[in-house]
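As structure tokens, the structure follows; a few thoughts come after it.
The values are calculated or read from the model by the stated rules, or taken from the named source; none is laboratory data. The structure presented is a predicted model; accordingly, all values stated were derived computationally and were not measured. Neighbour counts run over all protein chains shown; Cβ positions are idealised from the backbone, glycine included. We work out accessible area using only protein heavy atoms, side chains counted, and drop any ligands, DNA or RNA first. Shrake-Rupley method; radii C 1.70, N 1.55, O 1.52, S 1.80 Å.
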Amino acid sequence: MLTRFLPFRVGLIMSLAAAACAQSEPDYERPPVSYSATLAQDAVTRLQARLIAGTVVLVGDERQMLATVLAELGVSPASQMLVFSRTSFQRTRIRPNQPRALYFSDSVYVGWVPGGLVEVTAVDPRLGPVFYTLTLPRARAAAPAIVRDADCLSCHGGTFVREIPGLFARSVFPDAGGDPLLRHGTQLVDDETPFSERWGGWYVTGYRGATPHRGNAFAAERGDQLVFVPSPARPLELSAFFDTAAYLSPRSDATALLIFEHQMSVQNSLTRAAFAVRRMVDYQHSLQKAFKEPQTDEPAYDSVRGVLAHSVEDIVDHLLFRNAAPLPPGIEGDAGFRDAFMQGARRTRAGDSLRDLQLGDRLFAWRCSYLIYAESFHALPHILKRGVLDRLAAVLRNSEPLDRYAYLPAQEKRRIYEILLETHSDARDRWTEAAAVPEAR
């Protein structure tokens, strides 16, 4: 009987695959994700409702209005980072003496150039990053306009980040005018990027160490050759580079940059894994319907099991900083940003938190990302979140059969497990359930 139906199964699978390949739009634009067709439920949509209702009014100069927008979105001005390479869609406004400012929280990213638009990216729990532009009112009676901007996906969902709408930062070799010398290379930066290759085209403050990076420096060409010398400058603020009065801070904080790069990497992993598992479960439902089998979210086919296992491993790798590059001594950062970052930290009774900074050879005291508390983690498909929590338990309790996470000392693993058990409701519920029913492991 199985042999009789095998050609039908193979033919149906090939037909489904061919239909998918025939589509020119990205996978995330089709069901079950339907990215652009789905109404976002994020911090920007909530701000837009308050602006329309008149409970929030933007007044003053654009610097004051920007400060209001940040406050309404829960983003600290102390998170400011400044990029002078002309690499965003507002590139005509960007130059070394007028850099683009970036600000961020756990789930919102805001970009602004004096005289230009405010760019906002908000992380929707199911859609991942959603991109908006906000036009500040130029006249007293004018209203601000917030638009969901599909054009951002040409880079954030195509050229630089594929398969998902994603977040990224670049390190380039900028000339004296801020134009990137692209034929000499451009690099996407995350927490795995070697320190010496970061921050080309960015201003950097709060780093006092001897190891060079690419920030605060300009490149040139001599014939076909790149001429680039890392800057010896180790500024605490940037008034020597440009007039900082137009900005909310005179700094572009090294600690903020490092956390920003880590955070984007984890968020992209969560988005990619969630989309992949949702697509495969939807695909499984289609097959089960065609084969007149009971529909279930539990993996019933090897292909679905394989995608789930890969997605679990990718998230756990990113959460546990598996390939994070070591950091040099000398990262001090700004106390204002550190204080803002620590606000609302979930702490154990002993006072430990996954937000505790080390700023030595690594960024955090406990190498498990604080983004495990994010809404985008809580909203993961159930089988995916369960798989991640089970894998984490195995790793942190030293019952993982592989040595994939051997770089974590047993004491650190144990403390991370204790922190999560005390502060993370999903982890506590799952691990308590697994302990009560051993065969569930």
Please identify every one of the chymotrypsin sites (Phe, Trp or Tyr not before Pro) in region 49-141 that sits in a loop by DSSP and has no more than 11 other beta carbons within 10 Å of its own beta carbon. none
Restricting things to alpha carbons, find the Rg to Rh ratio for the chain using the Kirkwood radius for Rh. 0.99
With helices defined as uninterrupted DSSP H runs, which ones in the chain have an alpha carbon span along their own long axis of at least 18 Å and mean Kyte-Doolittle hydropathy of at least -1.0? 2-22, 254-290, 302-319, 382-396, 410-423
Relative contact order (percent, whole number), region 265-334, Cα cutoff 8 Å, 6+ residue spacing: 40
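For region 31-147, what is the accessible area per residue in Å² when the probe is 1.4 Å?
Computed with neighbouring chains in place, this is 41 Å² per residue.
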Just to be sure I understand: with springs between alpha-carbon atoms less than 10 Å apart, which residue in Ala210, Ala379, Ala101 has the highest mean-square fluctuation in the Gaussian network model of the chain? Ala210
Gaussian network model of the chain, Cα springs within a sub-10 Å range: biggest mean-square fluctuation belongs to which of Asp390, Asp253, Asp191? Asp390
From zero outward in steps of 10 Å, how is the percent of C-alpha pairs of region 139-193 spread across the bins? 19, 33, 28, 16, 4
Using helices alone, I'd like the mean residue ellipticity at 222 nm for the chain: each DSSP H run of four-plus residues gives -39500 (n - 2.57), total over residue count, nearest 500. -11500 deg cm²/dmol
With bins 5 Å wide starting at 0, give me the P(r) of region 345-385 over every alpha carbon pair, in whole percents. 6, 22, 21, 19, 15, 12, 5, 1
Please give every one of the aspartates and glutamates within straight-line cross-link reach of Lys289, meaning a C-alpha to C-alpha distance under 17 Å, and leave out same-chain neighbours fewer than 8 residues apart. Asp297, Glu298
How much accessible area per residue does region 308-441 have, in Å², with a 1.4 Å probe? 46
With Cα springs under 10 Å, the Gaussian network model of the chain assigns the largest mean-square fluctuation among Arg46, Arg222, Arg367 to Arg222
Lysines with Cα under 20 Å of Lys385, excluding same-chain neighbours fewer than 8 positions away: Lys413
Over region 166-226, relative contact order from alpha-carbon pairs under 8 Å, at least 6 apart, %: 35
Tell me, what is the percent relative contact order of the chain, built from C-alpha pairs under 8 Å that lie six or more residues apart? 13
At a 1.4 Å probe, what is the % contribution of carbon and sulfur to the accessible area of the chain? 54
